[in-house]
1. Taking the Cβ of F152 as the center, what net charge do the other residues with Cβ under 11 Å away carry, scoring Lys and Arg +1 and Asp and Glu -1?
2. Where Lys and Arg each count +1 and Asp and Glu each count -1, what net charge lies around L110 among other residues with Cβ under 14 Å from its Cβ?
3. Going by amide H atoms built from the backbone, whose H comes under 5 Å of the H on F136, apart from near neighbours?
4. Grab the Cα-Cα distance for Q144 and A83, subtract it from 0.36 nm times how many residues apart they are, and report the gain in nm with one decimal.
5. Which ³J(HN,Hα) values, rounded to whole Hz and listed in residue order, are derived for region 55-70 from phi using the Karplus coefficients 6.51, -1.76 and 1.60 in 6.51 cos²θ - 1.76 cosθ + 1.60 with θ = phi - 60°, glycine and proline given as x?
6. List the residues, sorted by chain then number, that are 5 or more residues from G112 or on another chain and whose placed amide H is less than 5 Å from its amide H.
7. Note the full-extension length gain between E137 and I160 as 0.36 nm times their separation in residues minus their Cα-Cα distance, in nm to one decimal.
8. Quick one: Karplus J couplings for region 95-110, per residue in order, coefficients 6.51, -1.76, 1.60, θ = phi - 60°, nearest Hz, x for Gly and Pro?
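Every read-out reported here was derived from the displayed coordinates using simple, explicitly stated rules and does not represent laboratory data. Computed from a prediction, not measured in an experiment: that's the story for all the values here. Cβ placement follows ideal geometry from the backbone for every residue including glycine, while neighbour counts extend to all protein chains displayed.
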Amino acid sequence: MIRKMMMMQFAVAGLALAQAPAQLPTLALEKAPVVGAGYKLACPAGTRQIGGPKSDFGAYACLKSTVDGMRIMQGPMISFDNAGKVVAIGTMEESFRTGTWKFFDAAGNLTGTTSFLKGEYNGLRVEYQADGKLKFEENWVNGQRQGPQKTFDRAGLATITEYRNDRPVAK
């Protein structure tokens, strides 16, 4: 009896897994949030929000001031184009991009994601074609391409180039 129940659970779990990909949206279909005047960021303690979609700064960001008067961006940031539409969302640490940033076109479509560490590419960098298909996937370590870099054609076929220390490896 227990064996039958376990087999039924596996069968049900397998069915759910088989159906899951059709139900999950792809990242390329993601849209930029609509952010207008008066939007409030979740700024960390000790910072204050500055900017806005139509400000000279062209972004919402969290700012802290040091004892010597330096102004440092710390926390979430949303950047805008001249029309006030969201073009980038991410996090700043000591005025450097950090973590995963998302980038959007003027229509609000996700065009790519890039991982940063202290302002340098660090991790996966992905860009999408206008139709939402992958354009490329790059792996970065401390600002240098490392490992397999994939470029996709319109049909989705990948060309893979191996990199070490930001240089292609001869085959």
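1. Working: positive: K133, K135, K150, R154; negative: E127, E137, D153.
Taking every other residue near F152 into account, the sum is +1.
2. On the way: positive: K31, K85, K102, R125, K133, K135; negative: E30, D105, E127, D131.
Combined, the nearby Lys, Arg, Asp and Glu give +2.
3. Here E127, F152 satisfy the definition.
4. Working: separation 61, 0.36 × 61 = 21.96 nm, distance 3.36 nm.
Contour length minus Cα-Cα distance gives 18.6 nm.
5. 7, 4, 6, x, 6, 9, 8, 9, 10, 10, 10, 8, 5, 8, x, 6
6. Distant-sequence amide H within range of G112: F103, Y128.
7. On the way: separation 23, 0.36 × 23 = 8.28 nm, distance 0.95 nm.
Additional length available on full extension: 7.3 nm.
8. Karplus values, whole Hz, x for Gly and Pro: 6, 10, 4, 8, x, 8, 9, 10, 10, 10, 8, 4, 7, x, 7, 5.
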